[in-house]
Amino acid sequence: MHLDKILDLKKWKNLQDSLSNVTKLAIITVDYRGVPITHHSDVRPFCKMMRGNPKTAKLCEKCDARGGLEAVRTNAPYIYLCHWNIIDMAIPIIVDDQYVGAIMAGEVRLADSGEQQTLEQMLTVPAKRLAQVDHKEEINRLYDSIPTLSYSEIKEAAQMLYRLSNYIVEEAMNKNLILEAYKKLAPLKEKPAMDDVATGYSLDNIQHIKKELANTVTSAYVKTSLNDHLVCKNKTLQPAFDYIFKNKGKKFSQQKLAGLCHISTGYFSRLFVKETGINFSTFISLQKIEWSKPLLEKTDLSIAQISDELGFNEPGYYIKTFKKYENITPNVYRKYYQEK
């Protein structure tokens, strides 16, 4: 998953420049490898000089790398001090539990130097090494020109950038996933208008997608998933299906269900495929996805709560499984099902 495939970079760069102007922070966006995908908005002359000097550029890169790792670890904006005691922050962009990039912002000084004690310094450099830097007078002048902000202003800016960037990325993902589902599942007989193809948001297209998504699961047994009971053709398997439908939130194993039917696991597996047309693990996954749909459509339960309700190992696995069979994420399904 790449940011340049999710975002309209031209629009994002313009927004980044505006955000930099409003927050008084220098801002650059990087991908998950740390490679910049935008220009550096309002880079400070001091930092530009440091990053352009081979003697000090590596120190800046090390600070960036460590700050980015801390942001990913905490899944939250991480504010820190660089080796020059300048405030920087790393704001992770995470989609469906996957780290796809970050906004690196800062290049400001604290108005109250006493608050620096609450922040971690990413890198400590011996004074002798810093003393070896050339053009000290010019460096001191540029350092003094760096803007200052209060710690509360810095924290507010970090939270604003975090919420805004993730909102924009999520909306872009939703749009891309709907377009992908449209292309895969709902090709129209007549060529749609170009505006509809570009946005994927026309009412007719969305309704058509919903109809096609409802038909993606072909197993007759899975289609009866809204019932609490299912009558098997092969009566030997009935105890297993009764148990499955009465214990929707549990994890199922073939060994346990075979035991309920008083047959071997191998024989159970063969009978199960003959009965349903699909293997056991696929059936259980499809069944749980079908059970989750009414919860997405008719309740306000979070994705994590639905995942837990149906016995998935974690929300990320539920999202991955849902997308595997439905071609969209649970959030997108909920959003466009409820928009009637």
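The values are calculated or read from the model by the stated rules, or taken from the named source; none is laboratory data. Everything numeric here is computed off the predicted structure, so don't read it as measured data. Positions of Cβ are generated from backbone atoms using ideal geometry, with glycine treated the same way; all protein chains shown enter the neighbour counts. Quick note on the areas: whole protein, heavy atoms, side chains included, nothing else; ligands and nucleic acids left out. Shrake-Rupley method; radii C 1.70, N 1.55, O 1.52, S 1.80 Å.
Are any residues in the range 100-151 assigned to a helix (DSSP H, G or I), modelled with pLDDT under 85 and among the aliphatic types (A, V, I, L, M), and if so, which ones?
A127, L130, A131, I139 - these are the residues of the range 100-151 that are assigned to a helix (DSSP H, G or I), modelled with pLDDT under 85 and among the aliphatic types (A, V, I, L, M).
Take the range 1-35 and flag every residue that is in a loop (DSSP other than H, G, I, E, B), in contact with a Leu (Cβ under 9 Å, 6 or more places away or on another chain), open to solvent by 50 Å² or more (accessible area, probe 1.4 Å) and on the phi < 0 side of the Ramachandran plot.
Across the range 1-35, the qualifying residue is only Y32.
How many residues does the range 256-274 hold that are modelled with pLDDT of 90 or more and either of a type in the set (S, T, N, Q) or loosely packed, with under 13 Cβ neighbours inside 10 Å (or both)?
The total comes to 1.
Starting from the range 308-333, take each residue that is free of Cβ contacts under 8 Å to residues at least 60 places away in the same chain and list its partners that are of a type in the set (A, V, I, L, M, F, W, C) and open to solvent by 10 Å² or more (accessible area, probe 1.4 Å), counting only C-beta distances under 8 angstrom and pairs at least six apart or across chains.
Qualifying pairs under 8 Å: Y318/I303; Y318/F312; T321/F312; P330/I303; P330/I319.
Look through the range 47-75, keep the residues that are in contact with a helix residue (DSSP H, G or I) (Cβ under 7 Å, 6 or more places away or on another chain) and open to solvent by 10 Å² or more (accessible area, probe 1.4 Å), and return whichever of them is modelled with the highest pLDDT.
M49
State all residues of the range 51-62 that are out of contact with any His (no Cβ under 6 Å at 6 or more places or on another chain), in contact (Cβ under 8 Å) with a residue 12 or more places away in the chain and part of a helix (DSSP H, G or I); if no residue qualifies, say none.
Correct list: K55, T56, C60, K62.
Search the range 36-50 for residues that are part of a strand (DSSP E or B) and pair each with any residue that is small (G, A, S) and surrounded by fewer than 18 Cβ atoms within 10 Å (Cβ to Cβ) when their beta-carbon atoms are under 9 Å apart and the residues are at least 6 apart or on different chains.
Close Cβ pairs satisfying both conditions: S41/S18.
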